[in-house]
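The values are calculated or read from the model by the stated rules, or taken from the named source; none is laboratory data. If you're wondering where the values come from, they're calculated on a predicted model, not measured in any experiment. When we count neighbours, we look across all protein chains shown, and the Cβ atoms used for this are built from the backbone with ideal geometry, even at glycine. Surface accessibility is based on the protein's heavy atoms, side chains included, excluding ligands, DNA and RNA. Shrake-Rupley method; radii C 1.70, N 1.55, O 1.52, S 1.80 Å.
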Amino acid sequence: MKLRKLAVLFLVILISVSYVSIAAAQSASSVAPTRPAVEKNPFPYFVDTSAINHAPNSSTLTTQSSVNTSRLYSSEPAPMGIADYGLGPGGVPYEYTSTSFEGIIHIANLSTYNSNLTSSYYGYRYGLSFQLNTVLSFSYNSNTFVYWTQDVAFLNTSNHSLYIIDNVWNFTAPNSKILHSTIKGSGQVNTTKGFYFYIGGSPSGSQSSPIYPTTLELRINATSSSGVPGISFQYNTGSGWITFDSPTFTFAKGATKPYFVVNGNSYTPIGNFYDSELILGGPAGSSQTRANVSNVDLSLLYWNDHNYQSVENAYNHGSDTAEGISNVKVSESSLNNNGSIYANVGTGNGVLQMLYSRSNVAILNVSVPLATHGTLFVNGTPHYFTGSDVNVTLIPGTYSITVESTTGNYNLGDLSLTAGEYSSLSTENVYSVTFTESILPPGTQWFVNVSGVGSYSSYSSSILAVLPNGTYEYTVSTMDKDYFNHTYSSIKIEGSNQSINVVFEPYLYDVKFIESGLPSSTSWTVFFDNYALNTSQSDQIGFRAINGTYDFGIQIVIGYASNVITGTVTIDGASSTSMISFSPAKYYNVTFIEKGLKSGMKWYLNLTNGQSENSTSTSITYEMPNGTYSYYDSAGIEYSTSYGQVEVAGKDMNKTLNFIELGLLKINVVQNQTRLSLNGNNLGLIGLEFSKYILPGNYTLSDALSGYQPFTDYFTVVSGKNTSISIDLKPITFYGYLAGTISPGNATIEANGYLIPVVNGSFNAILQPGTYYVTVFEKGYRSVEFSVSISLLQTSVHNVSLTPSSSVEVYGFVNPAQASVVVQNMTAYVNSSGYYFLWVEPGIYNISVYSPGYLPYSKLVNITSEYEENFTLKAEPGVTSEENSSGMTAIGFGLKVGNLSISNGIISVTYYGLSGNGSLIITVPYSSLEGVNISELLHSRVYIGSQPYSNFSVLVSSNHTIILYVWGLDGDPQISWLYSPGASLNDRNPVLDYVVVAVLLIAIVGIGIVLRRRK
């Protein structure tokens, strides 16, 4: 009997445990996300061009007399390009410091590929990085700090798109890291790997996909401001140098001046190299790639305190970076026969070795005493310098050497340089002669020919010749046949600079107008070339002019009509005479009548024959003979100005002028120097404020600034009213493009409620990466809605052509103005004032109005014609609880919510009331709800426990967040949102599960007590 009771007890316990386990498993499956949570990375690609992590311990290297360049790489894949390790001919070490390094990259052709690269790398399988890497050092509090700096350009070799970043690593000691307290800049610190990085984005001023050949320049500068060391990272894609990040080492105020160090004697404290390098490698994250085709030229230069000079010794590979490339051959080259040294990266099996040394190249020094800056030209290639010296590293050869400087221009003749040579030149014994003219039209080419020296030419107002002491004859001339100079003179140079004024004289021709038909001594007037005016009482009026075509006009002489009112005259190497005939004429009253001006307001009327009148009445009358006359009117900046023509044909006539009172558009922008456009017309760069009187009507305003999300708004200007718009652009680091064409060209297109500017039927919008729901609509057409995915730096192209249809407008105002209005699945555009509009076909629609922080509102309407309704949302009551799970959010008002889950087409949440009449909101991204469309979602069902419930509404927001709003709740049951048409409630109620478990546990305890008493 005892054994039987024990068996019963065991069976009950087994059932209880099994039931609890099953219930717990079902609960876990309904609550847990479908995949493990992953920490979000704000940049979807690797951004670290990681340092080598297998360097030997530096303590084993301290006795070496020079560094070993093959210690980390001995073959490809390796970081290939050009590097200065501080090793000269024969491996002899040297050391120098500089405040700046520059890398020049000429890409004639380049294609790389690695099938193992994932989408986590920029450019995917076609990704590549160009890296300018340097080592920075400074002292602070008797300690030496060493940092590795990287100016990096990612390249997608498939579509040629570029992306700029920088990295800073701590080389001060083994295992050193960058901390938040170490550095402050535009970027951020990766505390896991201990490095600083900033994502500069797509280069400003460059094409999104530049066509080869193309040139990219990178530059890193060591800076010091108020005793705080720092770095500035720059790039240049052809539009000038852009500084995209300037981090500072904020902890080290009072440090020594920072320098970049090249040192072939020793390694850094972590065992890497004190080198500078410009290399090609994989697209970050220690990745490798392979060249399919390569024709790239690299030049590495350092600032020598006067100019950027090519490094004097170079290897064809770097070492400090972990990214590499294979199938490339690097060899010494020179472009354009100018002596400048480059590393040509071609295709093939490469060998890691020295590229060139000081014994293979020549150094040219040119001294320009007393100069503050200038340009040295070597075979016409400029080398800019400051001060009075310039040094350049050149391939041996013969070169034409000239100098332009603040002390004058100098022709130093041809110079032959041999390998290993150091050659020094000076401009000290030559003098400048400046020829200056002030008559020629701007941009006219002119010449000075100096006997025994040569010819100089210029398109500016001066020509500078550099001559040694002596006497020289010279002549002056120009290609412009309208001017002449017959100078033939001489100049004597005696140890000083000289200036000569050159006078060109124009060839002028007579332009005569001869009248007939006017009584003797009658005044008449000719307008010539739009500004000259001559009046005469004789029969001739004359002008003088150079060759060209000129407009003229004959002013009306009362009582007479001329055979010509306006015309043109052409002068081509000879004088011109025009005959003007006057005859008695009958005059007619031409009355111009204004409409639209306020009573007593002064207005102006100007005729192109020279007559001008103003009036404060409603009309101006002219007496005019037969003919066609142009006019324009004005009434100040607050009214429109119109241009037109009037034809007098044998009778009096009236002409009505319609003035339109303008509206004042006032724009305030938080950022400075943004680029505004109105209805697609560029207004240029503006400051913080902009105002303009414009015609009444509807307008689309766009504002853009590099590094910020563009602003777009649609608004209406009313006559005599001010329209004020405030703009605060939001910074944007990561973005892609939505581009395409639209028909009709005046249709409205918006993405997640963001208005996209359309210019001449085309659009190209910058959007943050993500999913967008695009609505396109226009009067007389069927609206369309579709989704697009925007990827980083990629362009998603969609050409949209609307189908004609009998659409009607849905419009009104919504409060708050940032709310979204969605008609079924199509998003209306809402401007900054809360005015919304959308064109739809007649039908039955659900209108959803939603804004975070407000209670959502929806309404089912039958739209048969133009539909207007204003919406005012109520603010949310105080939030009492919130639950998040799998991208969903449940918010309770007067309720405690929990156990938010999704399974089999049902979203469930439990709640208990904290007060009567509670409500809750559940939001879920549409993309998370598979196998269901918007129409089905709007017809969802809601259950409380097992009973249907009707106090709810389902809405859609502009970004297609689906919202369930339920009100009138109390007690503590469970809500089930059956969003899928095929969903059905589980037969077992979860509340009942807990009740059964409780009963079983009580039974177990009871049986235990009975058995104990039987003992």
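One table, with the values for the structure above:
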read-out: Some residue of segment 846-859 being open to solvent by less than 10 Å² (accessible area, probe 1.4 Å), without any contact (Cβ under 8 Å) to a residue 24 or more places away in the chain and closer than 25 Å to A751 by Cβ; value: no
read-out: Strands (runs of 3 or more DSSP E) contained in segment 286-377 and holding at least 2 residues free of Cβ contacts under 8 Å to residues at least 40 places away in the same chain; value: 328-333
read-out: Considering residues of segment 176-194 that are assigned to a loop (DSSP other than H, G, I, E, B) and free of Cβ contacts under 8 Å to residues at least 40 places away in the same chain only, the residue most open to solvent (accessible area, probe 1.4 Å); value: H180
read-out: Residue list for segment 498-540, filter: loosely packed, with under 15 Cβ neighbours inside 10 Å and closer than 30 Å to S451 by Cβ; value: S499, N501, V503, E505, Y507
read-out: Options I766, I749; residue that is farther than 30 Å from Y198 by Cα and in contact (Cβ under 8 Å) with a residue 24 or more places away in the chain; value: I749
read-out: Within segment 685-708, tally of residues that are open to solvent by less than 40 Å² (accessible area, probe 1.4 Å) and either in the same structural domain as I756 (by the TED database) or in a strand (DSSP E or B) (or both); value: 8
read-out: Search result, residues across segment 835-845 that are buried (at least 24 other Cβ atoms within 10 Å of the Cβ) and either among the hydroxyl-bearing types (S, T, Y) or touching a His at 6+ places or on another chain (Cβ under 6 Å) (or both); value: Y836
read-out: Which numbered condition P396 fails, given (1) at pLDDT below 90; (2) under 20 Å from N338 (Cβ atoms); (3) surrounded by fewer than 18 Cβ atoms within 10 Å (Cβ to Cβ); (4) under 45 Å from the mean Cα position of the chain (by Cα); value: (1)
read-out: Enumeration of residues in segment 788-808 that are open to solvent by 70 Å² or more (accessible area, probe 1.4 Å) and either closer than 30 Å to G200 by Cα or basic (K, R) (or both); value: S789, T795, V797
read-out: One residue from V368, V378, V311, V351 being crowded, with 24+ Cβ neighbours inside 10 Å and within 30 Å of P93 (Cβ to Cβ); value: V311
read-out: Which listed residue is at pLDDT 95 or above, in contact with a Pro (Cβ under 8 Å, 6 or more places away or on another chain) and more than 23 Å from Y708 (Cβ to Cβ), from Y781, Y811; value: Y781
read-out: Qualifying positions in segment 416-447 - under 20 Å from N379 (Cα atoms), among the hydrophobic types (A, V, I, L, M, F, W, C) and open to solvent by 50 Å² or more (accessible area, probe 1.4 Å); value: A419
read-out: Tabulated pairs, segment 975-986, first free of Cβ contacts under 8 Å to residues at least 12 places away in the same chain and exposed (fewer than 14 other Cβ atoms within 10 Å of the Cβ), second of a type outside the set (D, E) and part of a loop (DSSP other than H, G, I, E, B), C-beta under 9 angstrom, 6+ apart or interchain; value: S984/N904; S984/G905
read-out: Condition broken by A255, with the remaining ones in (1) assigned to a loop (DSSP other than H, G, I, E, B); (2) without any contact (Cβ under 8 Å) to a residue 24 or more places away in the chain satisfied; value: (2)
read-out: Every residue from segment 617-653 that is open to solvent by 80 Å² or more (accessible area, probe 1.4 Å) and either within 27 Å of T525 (Cα to Cα) or in contact with a Gly (Cβ under 7 Å, 6 or more places away or on another chain) (or both); value: E623, N626, Y632, Y643, Q645, E647, K651, D652
read-out: Hey, G387 closer than 16 Å to S432 by Cα and open to solvent by less than 50 Å² (accessible area, probe 1.4 Å) or not; value: no
read-out: Residue among S232, S239 that is closer than 19 Å to V168 by Cα and among the polar types (S, T, N, Q); value: S232
read-out: Index of the failed condition, N682 passing every other in (1) touching a residue at least 24 places away in the same chain (Cβ under 8 Å); (2) in a strand (DSSP E or B); value: (1)
read-out: Subset tally (residues that are at pLDDT below 90, within 50 Å of the chain's Cα centre (by Cα) and not in a loop (DSSP other than H, G, I, E, B)) for segment 574-610; value: 2
read-out: Residue among S129, S139, S115 that alone is assigned to a strand (DSSP E or B), more than 22 Å from F244 (Cα to Cα) and of a type in the set (S, T, Y); value: S139
read-out: Counted residues, segment 816-833 - those being closer than 28 Å to P804 by Cα and out of contact with any helix residue (DSSP H, G or I) (no Cβ under 8 Å at 6 or more places or on another chain); value: 10
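Condition check ((1) modelled with pLDDT of 95 or more; (2) touching a His at 6+ places or on another chain (Cβ under 8 Å); (3) in the same structural domain as A890 (by the TED database); (4) in a loop (DSSP other than H, G, I, E, B)) across all residues:
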position	(1), (2), (3), (4)
S919	no, no, yes, no
W967	no, no, yes, no
G971	no, no, yes, yes
G982	no, no, yes, yes
V996	no, no, no, no
I1004	no, no, no, no
